[in-house]
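The values are calculated or read from the model by the stated rules, or taken from the named source; none is laboratory data. These numbers come from a predicted model, not from an experiment. Note: ideal-geometry Cβ built from the backbone for every residue, glycine included; neighbour counts use all protein chains shown. Ligands, DNA and RNA are stripped out before the accessible areas are found, and what is left, the full protein with its side chains, is counted by its heavy atoms. Shrake-Rupley method; radii C 1.70, N 1.55, O 1.52, S 1.80 Å.
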Amino acid sequence: MIHKIPWSTSSQVKLEQNVGKPSRVIHIRNIPNETTEAEIIQLGLPFGRVTNVLVLKGKNQAFLEMAEEISAVAMVAYFGGCVAQLRGRAVYVQFSNHKELKTDQTHSNASASAQAALQAAQAISNSAGAALVAGAGAALQPANGGTEIQGGPNTVLRVIIEHMLYPIVLDVLYSIFQRYGKVLKIVTFTKNNSFQALIQYPDTGSAQMAKTALDGQNIYNGCCTLRIDYSKMTCLNVKYNNDKSRDYTNPTLPSGDGDAHQLLTSGGVLAQPFLGLGSGLASPYGVGVGGVGLPAFGALTLTPASPALRALAAPPLPLATVLLVSNLNEEMVTPDALFTLFGVYGDVQRVKILYNKKDSALIQMAEPHQAHLAMTHMDKLRVFGKAMRVMLSKHQTVQLPKEGQPDAGLTRDYSQSPLHRFKKPGSKNYQNIYPPSATLHLSNIPATVSEDDIKDAFTKRGFAIKAFKFFPKDRKMALVQLPSIDDAVAALIKMHNYQLSESNHLRVSFSKSSI
(Lines give C-alpha, C1' and ligand atoms only; values in the text may rest on other atoms or scores of the structure.)
Protein backbone atom coordinates (compact mmCIF):
# COMPACT_ATOMS: atom_id res chain seq x y z
CA MET A 1 0.00 0.00 0.00
CA ILE A 2 1.37 3.44 -0.96
CA HIS A 3 0.70 6.32 1.41
CA LYS A 4 0.54 9.77 -0.08
CA ILE A 5 1.92 12.37 2.33
CA PRO A 6 1.00 16.00 1.64
CA TRP A 7 3.67 18.64 2.31
CA SER A 8 1.65 21.59 3.48
CA THR A 9 -0.87 20.83 6.19
CA SER A 10 0.40 19.14 9.31
CA SER A 11 -3.11 18.00 10.28
CA GLN A 12 -3.05 15.56 7.38
CA VAL A 13 0.03 13.80 8.75
CA LYS A 14 -0.44 11.35 11.57
CA LEU A 15 2.40 11.64 14.08
CA GLU A 16 4.14 8.31 14.51
CA GLN A 17 5.28 7.11 17.90
CA ASN A 18 7.15 3.94 18.93
CA VAL A 19 6.91 2.31 15.53
CA GLY A 20 9.14 -0.75 15.45
CA LYS A 21 8.25 -2.76 12.33
CA PRO A 22 11.01 -2.71 9.68
CA SER A 23 10.34 -0.46 6.70
CA ARG A 24 12.34 1.26 3.97
CA VAL A 25 10.98 4.55 5.31
CA ILE A 26 12.66 6.12 8.34
CA HIS A 27 10.79 8.52 10.62
CA ILE A 28 12.98 11.20 12.28
CA ARG A 29 11.54 13.29 15.13
CA ASN A 30 12.58 16.46 16.99
CA ILE A 31 14.46 18.05 14.09
CA PRO A 32 15.33 21.78 14.31
CA ASN A 33 13.07 24.15 12.36
CA GLU A 34 15.81 25.16 9.93
CA THR A 35 16.81 21.59 8.99
CA THR A 36 17.24 21.06 5.23
CA GLU A 37 16.54 18.02 3.08
CA ALA A 38 20.28 17.67 2.51
CA GLU A 39 20.92 17.34 6.25
CA ILE A 40 18.29 14.61 6.57
CA ILE A 41 19.84 12.77 3.62
CA GLN A 42 23.28 13.05 5.26
CA LEU A 43 21.98 11.01 8.20
CA GLY A 44 20.97 8.13 5.96
CA LEU A 45 23.60 8.25 3.24
CA PRO A 46 26.28 6.16 5.00
CA PHE A 47 23.84 3.25 5.26
CA GLY A 48 22.84 2.98 1.60
CA ARG A 49 21.10 4.70 -1.30
CA VAL A 50 18.47 7.32 -0.44
CA THR A 51 15.49 7.47 -2.81
CA ASN A 52 13.20 10.10 -1.28
CA VAL A 53 13.00 12.68 1.48
CA LEU A 54 10.29 14.75 3.09
CA VAL A 55 10.76 17.44 5.74
CA LEU A 56 7.71 18.53 7.79
CA LYS A 57 9.01 21.72 9.33
CA GLY A 58 5.79 22.56 11.09
CA LYS A 59 5.95 19.29 13.01
CA ASN A 60 9.75 19.13 13.44
CA GLN A 61 9.74 15.79 11.67
CA ALA A 62 11.14 14.23 8.53
CA PHE A 63 10.79 11.03 6.50
CA LEU A 64 13.66 9.37 4.67
CA GLU A 65 13.16 6.57 2.17
CA MET A 66 16.00 4.13 1.56
CA ALA A 67 16.36 2.04 -1.59
CA GLU A 68 16.52 -1.19 0.43
CA GLU A 69 15.00 -2.24 3.73
CA ILE A 70 18.34 -3.64 4.94
CA SER A 71 19.80 -0.11 4.75
CA ALA A 72 16.97 1.24 6.88
CA VAL A 73 17.44 -1.60 9.39
CA ALA A 74 21.15 -0.80 9.64
CA MET A 75 20.42 2.90 10.19
CA VAL A 76 17.85 2.32 12.95
CA ALA A 77 20.15 -0.21 14.62
CA TYR A 78 23.10 2.17 14.51
CA PHE A 79 21.28 5.15 15.95
CA GLY A 80 19.76 2.89 18.56
CA GLY A 81 23.24 2.69 20.05
CA CYS A 82 24.22 6.37 19.82
CA VAL A 83 22.44 9.70 19.70
CA ALA A 84 21.84 11.20 16.26
CA GLN A 85 22.18 14.98 16.19
CA LEU A 86 21.21 17.74 13.79
CA ARG A 87 22.47 21.27 14.45
CA GLY A 88 23.26 20.36 18.04
CA ARG A 89 19.83 18.89 18.82
CA ALA A 90 19.26 15.21 19.59
CA VAL A 91 16.88 13.66 17.05
CA TYR A 92 15.10 10.31 17.23
CA VAL A 93 15.33 7.73 14.48
CA GLN A 94 12.75 4.93 14.08
CA PHE A 95 10.90 2.96 11.43
CA SER A 96 7.92 4.64 9.81
CA ASN A 97 4.61 2.80 9.41
CA HIS A 98 4.74 3.86 5.76
CA LYS A 99 6.18 1.18 3.47
CA GLU A 100 6.93 3.69 0.73
CA LEU A 101 7.20 7.46 0.61
CA LYS A 102 5.26 9.01 -2.25
CA THR A 103 5.11 12.78 -2.16
CA ASP A 104 3.02 15.07 -4.34
CA GLN A 105 4.87 16.42 -7.35
CA THR A 106 3.80 19.86 -6.18
CA HIS A 107 5.50 19.31 -2.85
CA SER A 108 8.78 17.73 -1.79
CA ASN A 109 10.09 16.30 -5.04
CA ALA A 110 9.19 19.48 -6.87
CA SER A 111 11.24 21.66 -4.53
CA ALA A 112 14.62 22.58 -5.92
CA SER A 113 16.44 21.88 -2.65
CA ALA A 114 15.00 18.37 -2.29
CA GLN A 115 15.72 17.53 -5.91
CA ALA A 116 19.27 18.80 -5.69
CA ALA A 117 19.88 16.97 -2.42
CA LEU A 118 18.56 13.69 -3.84
CA GLN A 119 20.67 14.04 -6.99
CA ALA A 120 23.78 14.70 -4.93
CA ALA A 121 22.96 11.72 -2.74
CA GLN A 122 22.51 9.54 -5.81
CA ALA A 123 25.93 10.55 -7.14
CA ILE A 124 27.62 9.85 -3.81
CA SER A 125 25.85 6.50 -3.43
CA ASN A 126 26.95 5.43 -6.90
CA SER A 127 30.60 6.16 -6.09
CA ALA A 128 30.50 4.75 -2.60
CA GLY A 129 28.66 1.53 -3.32
CA ALA A 130 26.89 -0.07 -0.43
CA ALA A 131 27.92 1.82 2.69
CA LEU A 132 29.17 -0.27 5.56
CA VAL A 133 28.71 0.86 9.14
CA ALA A 134 30.36 -0.99 12.00
CA GLY A 135 27.90 -2.18 14.61
CA ALA A 136 24.96 -1.97 12.22
CA GLY A 137 25.08 -5.57 11.12
CA ALA A 138 26.83 -5.04 7.78
CA ALA A 139 29.74 -7.39 7.06
CA LEU A 140 33.06 -6.06 5.85
CA GLN A 141 34.35 -7.76 2.71
CA PRO A 142 38.15 -7.90 2.46
CA ALA A 143 39.65 -7.02 -0.90
CA ASN A 144 42.51 -8.79 -2.63
CA GLY A 145 41.41 -12.28 -1.67
CA GLY A 146 41.10 -11.38 1.97
CA THR A 147 44.75 -10.41 2.39
CA GLU A 148 44.20 -6.68 2.73
CA ILE A 149 41.24 -4.43 3.43
CA GLN A 150 41.53 -1.37 1.24
CA GLY A 151 39.13 1.49 0.65
CA GLY A 152 38.48 3.34 -2.56
CA PRO A 153 38.66 7.11 -3.20
CA ASN A 154 37.96 9.40 -0.25
CA THR A 155 38.15 6.63 2.34
CA VAL A 156 41.05 8.40 4.05
CA LEU A 157 40.33 11.47 6.19
CA ARG A 158 42.93 14.07 7.05
CA VAL A 159 42.35 15.41 10.57
CA ILE A 160 44.00 18.58 11.90
CA ILE A 161 43.63 19.36 15.60
CA GLU A 162 43.53 23.08 16.40
CA HIS A 163 43.90 24.74 19.82
CA MET A 164 45.47 21.57 21.18
CA LEU A 165 45.68 22.44 24.85
CA TYR A 166 45.58 18.76 25.84
CA PRO A 167 47.59 15.97 24.20
CA ILE A 168 45.60 13.75 21.85
CA VAL A 169 46.82 10.16 21.73
CA LEU A 170 46.07 7.67 18.98
CA ASP A 171 43.65 5.65 21.12
CA VAL A 172 41.51 8.74 21.72
CA LEU A 173 41.18 9.29 17.96
CA TYR A 174 40.28 5.64 17.44
CA SER A 175 37.62 5.76 20.15
CA ILE A 176 35.95 8.76 18.53
CA PHE A 177 36.20 7.80 14.86
CA GLN A 178 35.25 4.15 15.25
CA ARG A 179 31.70 5.24 16.10
CA TYR A 180 31.13 5.97 12.38
CA GLY A 181 32.54 2.82 10.86
CA LYS A 182 35.36 0.34 11.13
CA VAL A 183 38.64 2.23 11.44
CA LEU A 184 41.27 0.33 9.46
CA LYS A 185 44.41 2.41 9.98
CA ILE A 186 45.61 5.58 11.72
CA VAL A 187 48.84 7.52 11.24
CA THR A 188 49.62 10.58 13.39
CA PHE A 189 52.26 13.20 12.60
CA THR A 190 53.13 16.87 12.93
CA LYS A 191 53.15 19.16 9.90
CA ASN A 192 53.39 22.96 9.79
CA ASN A 193 53.50 22.96 13.60
CA SER A 194 50.08 21.29 13.86
CA PHE A 195 49.22 17.82 15.10
CA GLN A 196 47.51 15.82 12.35
CA ALA A 197 46.23 12.34 11.65
CA LEU A 198 45.25 10.26 8.64
CA ILE A 199 42.35 7.89 9.32
CA GLN A 200 41.32 5.19 6.85
CA TYR A 201 37.85 3.63 6.61
CA PRO A 202 36.86 0.70 4.37
CA ASP A 203 34.28 2.76 2.46
CA THR A 204 33.42 6.33 1.53
CA GLY A 205 30.10 6.19 3.38
CA SER A 206 31.74 5.76 6.78
CA ALA A 207 34.33 8.42 5.99
CA GLN A 208 31.64 10.87 4.89
CA MET A 209 29.53 10.27 7.98
CA ALA A 210 32.54 10.77 10.27
CA LYS A 211 33.51 13.97 8.44
CA THR A 212 29.95 15.36 8.59
CA ALA A 213 29.50 14.54 12.27
CA LEU A 214 32.92 15.46 13.63
CA ASP A 215 34.24 18.39 11.56
CA GLY A 216 34.35 21.41 13.87
CA GLN A 217 33.75 19.41 17.05
CA ASN A 218 35.85 19.92 20.18
CA ILE A 219 37.35 16.77 21.67
CA TYR A 220 37.77 18.54 25.01
CA ASN A 221 35.86 21.54 26.32
CA GLY A 222 36.77 24.69 24.40
CA CYS A 223 39.87 23.19 22.76
CA CYS A 224 41.31 20.39 20.60
CA THR A 225 39.03 21.26 17.68
CA LEU A 226 38.78 18.74 14.81
CA ARG A 227 39.20 20.11 11.27
CA ILE A 228 38.53 17.32 8.77
CA ASP A 229 38.85 17.00 5.02
CA TYR A 230 39.52 14.19 2.57
CA SER A 231 43.07 13.05 1.94
CA LYS A 232 44.34 12.52 -1.60
CA MET A 233 45.59 9.12 -0.46
CA THR A 234 43.42 6.07 -0.94
CA CYS A 235 45.30 3.68 1.33
CA LEU A 236 47.73 4.07 4.21
CA ASN A 237 50.71 1.70 4.24
CA VAL A 238 51.56 1.40 7.93
CA LYS A 239 54.87 -0.25 8.85
CA TYR A 240 54.60 -0.24 12.65
CA ASN A 241 51.95 -0.60 15.32
CA ASN A 242 52.94 1.87 18.03
CA ASP A 243 51.79 5.10 19.66
CA LYS A 244 52.12 7.04 16.38
CA SER A 245 50.62 4.62 13.85
CA ARG A 246 48.34 1.60 13.90
CA ASP A 247 47.06 -0.91 11.35
CA TYR A 248 44.00 -2.53 12.92
CA THR A 249 43.79 -5.03 10.06
CA ASN A 250 47.27 -6.37 10.85
CA PRO A 251 47.88 -6.63 14.61
CA THR A 252 51.10 -8.63 14.07
CA LEU A 253 53.13 -5.64 12.81
CA PRO A 254 56.27 -4.87 14.84
CA SER A 255 56.33 -1.85 17.12
CA GLY A 256 59.56 -0.65 15.49
CA ASP A 257 61.43 2.33 16.84
CA GLY A 258 58.82 4.82 15.69
CA ASP A 259 61.12 6.06 12.93
CA ALA A 260 59.01 8.55 11.04
CA HIS A 261 60.75 7.83 7.76
CA GLN A 262 59.49 4.26 7.81
CA LEU A 263 55.86 5.36 7.84
CA LEU A 264 55.23 5.47 4.13
CA THR A 265 51.93 6.09 2.42
CA SER A 266 50.84 5.57 -1.14
CA GLY A 267 51.69 9.23 -1.67
CA GLY A 268 55.27 8.96 -0.41
CA VAL A 269 56.92 9.88 2.88
CA LEU A 270 54.84 11.99 5.22
CA ALA A 271 56.26 15.48 5.58
CA GLN A 272 58.05 16.09 8.88
CA PRO A 273 56.19 13.59 11.03
CA PHE A 274 56.57 13.52 14.79
CA LEU A 275 58.87 16.53 15.06
CA GLY A 276 58.55 19.43 17.45
CA LEU A 277 55.27 19.71 19.30
CA GLY A 278 53.85 16.47 18.00
CA SER A 279 56.67 14.31 19.28
CA GLY A 280 55.64 14.95 22.84
CA LEU A 281 51.92 15.07 22.33
CA ALA A 282 51.72 11.93 20.23
CA SER A 283 53.12 9.79 23.02
CA PRO A 284 50.50 7.99 25.11
CA TYR A 285 50.02 8.52 28.80
CA GLY A 286 49.21 4.82 29.05
CA VAL A 287 46.80 3.45 31.58
CA GLY A 288 47.39 4.35 35.15
CA VAL A 289 49.72 7.33 34.83
CA GLY A 290 49.26 9.25 38.00
CA GLY A 291 46.92 6.50 39.11
CA VAL A 292 44.27 7.41 36.52
CA GLY A 293 43.74 6.24 32.96
CA LEU A 294 42.16 8.18 30.13
CA PRO A 295 38.37 8.43 30.36
CA ALA A 296 36.22 5.88 28.57
CA PHE A 297 34.69 7.04 25.30
CA GLY A 298 31.95 4.42 25.09
CA ALA A 299 29.07 6.83 25.68
CA LEU A 300 30.15 9.91 23.78
CA THR A 301 27.43 12.38 22.93
CA LEU A 302 28.38 14.50 19.97
CA THR A 303 27.91 18.21 20.49
CA PRO A 304 28.90 21.23 18.42
CA ALA A 305 32.06 23.17 19.15
CA SER A 306 30.16 26.41 18.61
CA PRO A 307 28.38 28.21 20.10
CA ALA A 308 27.93 25.98 23.15
CA LEU A 309 31.59 24.89 23.29
CA ARG A 310 30.60 21.54 24.62
CA ALA A 311 32.91 18.63 23.98
CA LEU A 312 33.23 15.05 22.82
CA ALA A 313 34.80 14.07 26.13
CA ALA A 314 35.86 15.40 29.50
CA PRO A 315 39.52 16.49 29.59
CA PRO A 316 41.92 14.12 31.36
CA LEU A 317 42.24 16.47 34.32
CA PRO A 318 43.02 13.81 36.95
CA LEU A 319 46.35 13.11 35.23
CA ALA A 320 49.42 14.23 37.11
CA THR A 321 50.53 17.86 37.04
CA VAL A 322 53.41 17.47 39.54
CA LEU A 323 56.85 16.36 38.39
CA LEU A 324 59.62 14.84 40.51
CA VAL A 325 62.99 16.09 39.31
CA SER A 326 66.19 14.47 40.59
CA ASN A 327 69.98 14.41 40.06
CA LEU A 328 70.13 18.21 40.08
CA ASN A 329 73.32 20.20 40.62
CA GLU A 330 72.40 21.43 44.08
CA GLU A 331 75.19 24.03 44.06
CA MET A 332 73.67 25.77 41.05
CA VAL A 333 69.94 25.04 40.89
CA THR A 334 67.44 27.46 42.45
CA PRO A 335 63.62 27.57 42.34
CA ASP A 336 63.87 30.47 39.88
CA ALA A 337 66.17 28.47 37.57
CA LEU A 338 63.73 25.55 37.52
CA PHE A 339 60.79 27.93 37.00
CA THR A 340 62.49 29.46 33.95
CA LEU A 341 63.62 26.16 32.40
CA PHE A 342 60.39 24.22 32.90
CA GLY A 343 58.42 27.34 31.90
CA VAL A 344 59.48 26.66 28.30
CA TYR A 345 57.00 23.76 28.24
CA GLY A 346 54.21 25.02 30.48
CA ASP A 347 53.16 27.45 33.20
CA VAL A 348 54.97 26.49 36.42
CA GLN A 349 52.78 27.06 39.46
CA ARG A 350 55.08 26.03 42.31
CA VAL A 351 58.62 24.75 42.82
CA LYS A 352 59.91 22.99 45.93
CA ILE A 353 63.55 21.94 46.24
CA LEU A 354 63.48 19.20 48.88
CA TYR A 355 64.91 20.46 52.17
CA ASN A 356 66.61 17.20 53.13
CA LYS A 357 67.56 16.18 49.55
CA LYS A 358 68.59 19.28 47.69
CA ASP A 359 69.41 17.47 44.45
CA SER A 360 65.68 16.79 44.02
CA ALA A 361 62.64 19.02 43.49
CA LEU A 362 58.89 18.93 42.97
CA ILE A 363 57.53 21.10 40.15
CA GLN A 364 53.80 21.73 39.74
CA MET A 365 52.62 22.60 36.22
CA ALA A 366 49.31 24.27 35.35
CA GLU A 367 48.02 21.41 33.15
CA PRO A 368 48.70 17.66 32.81
CA HIS A 369 49.80 17.96 29.18
CA GLN A 370 52.39 20.57 30.19
CA ALA A 371 53.87 18.16 32.74
CA HIS A 372 53.95 15.49 30.04
CA LEU A 373 55.67 17.83 27.57
CA ALA A 374 58.30 18.85 30.13
CA MET A 375 58.99 15.22 31.03
CA THR A 376 59.24 14.22 27.35
CA HIS A 377 61.70 16.94 26.42
CA MET A 378 63.81 17.27 29.58
CA ASP A 379 64.28 13.84 31.12
CA LYS A 380 68.05 13.12 31.01
CA LEU A 381 68.80 16.68 29.87
CA ARG A 382 72.14 17.94 31.20
CA VAL A 383 71.62 21.00 33.40
CA PHE A 384 74.66 22.62 34.98
CA GLY A 385 76.75 19.53 34.22
CA LYS A 386 74.40 16.82 35.54
CA ALA A 387 71.87 14.67 33.66
CA MET A 388 68.54 15.64 35.22
CA ARG A 389 65.87 12.95 35.69
CA VAL A 390 62.20 13.97 35.27
CA MET A 391 59.22 11.77 36.11
CA LEU A 392 55.60 12.13 37.21
CA SER A 393 55.09 12.48 40.95
CA LYS A 394 52.38 10.85 43.03
CA HIS A 395 51.73 14.21 44.67
CA GLN A 396 48.67 16.09 43.40
CA THR A 397 49.99 19.51 44.49
CA VAL A 398 53.14 21.09 45.86
CA GLN A 399 52.44 22.20 49.42
CA LEU A 400 53.69 25.57 50.61
CA PRO A 401 55.61 25.48 53.91
CA LYS A 402 53.58 26.06 57.03
CA GLU A 403 54.35 29.09 59.14
CA GLY A 404 57.47 28.51 61.21
CA GLN A 405 58.49 25.45 59.18
CA PRO A 406 62.16 25.55 58.00
CA ASP A 407 62.37 26.09 54.25
CA ALA A 408 65.32 28.40 53.53
CA GLY A 409 63.57 29.83 50.48
CA LEU A 410 63.48 26.45 48.72
CA THR A 411 59.70 26.61 48.01
CA ARG A 412 58.30 29.29 45.73
CA ASP A 413 54.78 30.02 44.47
CA TYR A 414 54.72 31.28 40.86
CA SER A 415 50.97 31.08 40.24
CA GLN A 416 50.71 34.86 39.77
CA SER A 417 53.94 35.28 37.81
CA PRO A 418 53.78 37.63 34.80
CA LEU A 419 56.35 35.40 33.03
CA HIS A 420 53.98 32.54 32.19
CA ARG A 421 54.11 31.78 28.46
CA PHE A 422 50.79 29.94 28.03
CA LYS A 423 48.22 31.95 29.99
CA LYS A 424 46.12 32.73 26.92
CA PRO A 425 44.14 29.76 25.50
CA GLY A 426 45.43 28.94 22.02
CA SER A 427 48.59 31.01 22.61
CA LYS A 428 51.00 31.06 19.67
CA ASN A 429 53.68 29.89 22.09
CA TYR A 430 52.10 26.42 21.83
CA GLN A 431 53.16 26.36 18.17
CA ASN A 432 56.77 27.11 19.06
CA ILE A 433 57.62 24.36 21.51
CA TYR A 434 60.79 22.52 20.52
CA PRO A 435 63.25 20.15 22.18
CA PRO A 436 66.33 21.66 23.82
CA SER A 437 68.89 22.68 21.19
CA ALA A 438 72.11 24.66 20.91
CA THR A 439 70.26 27.46 19.09
CA LEU A 440 68.10 29.86 21.08
CA HIS A 441 65.24 31.99 19.75
CA LEU A 442 65.30 35.55 21.11
CA SER A 443 62.31 37.90 20.94
CA ASN A 444 61.06 41.24 22.30
CA ILE A 445 64.25 42.97 21.16
CA PRO A 446 63.81 46.78 20.96
CA ALA A 447 64.99 48.62 17.84
CA THR A 448 67.62 50.50 19.86
CA VAL A 449 69.49 47.29 20.77
CA SER A 450 72.19 46.13 18.34
CA GLU A 451 73.74 42.74 17.66
CA ASP A 452 76.83 43.76 19.66
CA ASP A 453 74.65 44.77 22.61
CA ILE A 454 73.08 41.32 22.75
CA LYS A 455 76.41 39.53 22.27
CA ASP A 456 77.93 41.60 25.08
CA ALA A 457 75.03 40.71 27.39
CA PHE A 458 75.65 37.00 26.80
CA THR A 459 79.45 37.34 27.09
CA LYS A 460 79.23 39.19 30.42
CA ARG A 461 77.37 36.19 31.83
CA GLY A 462 80.03 33.78 30.62
CA PHE A 463 78.47 32.51 27.38
CA ALA A 464 80.41 32.21 24.12
CA ILE A 465 78.43 33.03 20.97
CA LYS A 466 79.13 30.87 17.90
CA ALA A 467 76.67 32.64 15.58
CA PHE A 468 74.02 35.36 15.64
CA LYS A 469 71.33 36.38 13.14
CA PHE A 470 68.43 38.84 13.24
CA PHE A 471 65.23 37.73 11.54
CA PRO A 472 65.27 39.51 8.15
CA LYS A 473 61.59 40.51 8.25
CA ASP A 474 61.29 41.14 11.98
CA ARG A 475 64.24 42.68 13.79
CA LYS A 476 62.49 42.15 17.14
CA MET A 477 63.59 38.51 16.90
CA ALA A 478 66.95 36.80 16.47
CA LEU A 479 68.71 33.44 16.65
CA VAL A 480 71.81 32.90 18.74
CA GLN A 481 73.88 29.73 18.54
CA LEU A 482 75.94 28.49 21.47
CA PRO A 483 78.71 25.85 21.46
CA SER A 484 76.49 23.08 22.91
CA ILE A 485 73.02 22.22 24.21
CA ASP A 486 74.42 22.36 27.77
CA ASP A 487 75.51 25.98 27.18
CA ALA A 488 72.15 26.86 25.60
CA VAL A 489 70.24 25.44 28.59
CA ALA A 490 72.32 27.50 31.01
CA ALA A 491 71.99 30.59 28.80
CA LEU A 492 68.22 30.26 28.61
CA ILE A 493 68.01 30.08 32.40
CA LYS A 494 70.25 33.12 32.86
CA MET A 495 69.09 35.27 29.93
CA HIS A 496 65.31 34.80 29.81
CA ASN A 497 63.70 38.01 31.10
CA TYR A 498 67.02 39.87 30.90
CA GLN A 499 66.36 43.63 30.83
CA LEU A 500 67.42 45.05 27.47
CA SER A 501 65.93 48.53 27.94
CA GLU A 502 63.65 50.39 30.32
CA SER A 503 60.55 48.69 28.93
CA ASN A 504 61.89 45.57 27.18
CA HIS A 505 62.83 42.25 28.72
CA LEU A 506 64.39 39.54 26.52
CA ARG A 507 62.31 36.44 25.81
CA VAL A 508 64.29 33.25 25.21
CA SER A 509 63.19 29.81 24.00
CA PHE A 510 64.70 26.85 22.15
CA SER A 511 64.70 27.07 18.35
CA LYS A 512 64.05 24.38 15.75
CA SER A 513 66.48 26.14 13.39
CA SER A 514 70.22 26.49 13.30
CA ILE A 515 72.32 29.32 11.89
Does any residue of the stretch 365-375 turn out to be in a strand (DSSP E or B) and within 29 Å of the chain's Cα centre (by Cα)? yes
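Please go through the stretch 378-407 and pick out each residue that is under 21 Å from residue 509 (Cα atoms), open to solvent by less than 90 Å² (accessible area, probe 1.4 Å) and assigned to a strand (DSSP E or B).
383, 386, 387, 390
How many residues does the stretch 336-363 contain that are out of contact with any strand residue (DSSP E or B) (no Cβ under 9 Å at 6 or more places or on another chain) and open to solvent by 20 Å² or more (accessible area, probe 1.4 Å)? Full working, then the answer.
Filtering the stretch 336-363 for residues out of contact with any strand residue (DSSP E or B) (no Cβ under 9 Å at 6 or more places or on another chain) gives 343, 356, 358.
Imposing the further condition that a residue be open to solvent by 20 Å² or more (accessible area, probe 1.4 Å) reduces the set to 356, 358.
Here the count works out to 2.
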How about the stretch 116-220: which strands (runs of 3 or more DSSP E) wholly inside it have at least 3 residues that are modelled with pLDDT of 85 or more and among the β-branched types (Val, Ile, Thr)? 156-162, 185-191
Please verify whether residue 23 is at pLDDT below 90 and in contact with a Lys or Arg (Cβ under 7 Å, 6 or more places away or on another chain), treating the condition exactly as stated. no
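When you look at residue 244, is it farther than 30 Å from residue 40 by Cβ and surrounded by 24 or more Cβ atoms within 10 Å (Cβ to Cβ), yes or no?
Working: farther than 30 Å from residue 40 by Cβ: yes; surrounded by 24 or more Cβ atoms within 10 Å (Cβ to Cβ): yes.
For residue 244, the condition - farther than 30 Å from residue 40 by Cβ and surrounded by 24 or more Cβ atoms within 10 Å (Cβ to Cβ) - is met.
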Checking residue 63 against (1) closer than 17 Å to residue 89 by Cβ; (2) surrounded by fewer than 24 Cβ atoms within 10 Å (Cβ to Cβ): exactly one of these is not met. Which one? (1)
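Assess whether residue 34 counts as being closer than 21 Å to residue 114 by Cβ, charged (D, E, K, R), in a loop (DSSP other than H, G, I, E, B) and modelled with pLDDT of 80 or more.
Criteria met by residue 34.
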In the stretch 75-94, residue least open to solvent (accessible area, probe 1.4 Å) [restricted to those that are out of contact with any Pro (no Cβ under 9 Å at 6 or more places or on another chain) and in a helix (DSSP H, G or I)]: 79
Okay, strands (runs of 3 or more DSSP E) sitting entirely in the stretch 409-515 with 3 or more residues that are open to solvent by less than 20 Å² (accessible area, probe 1.4 Å) and of a type in the set (Asp, Glu), I get none
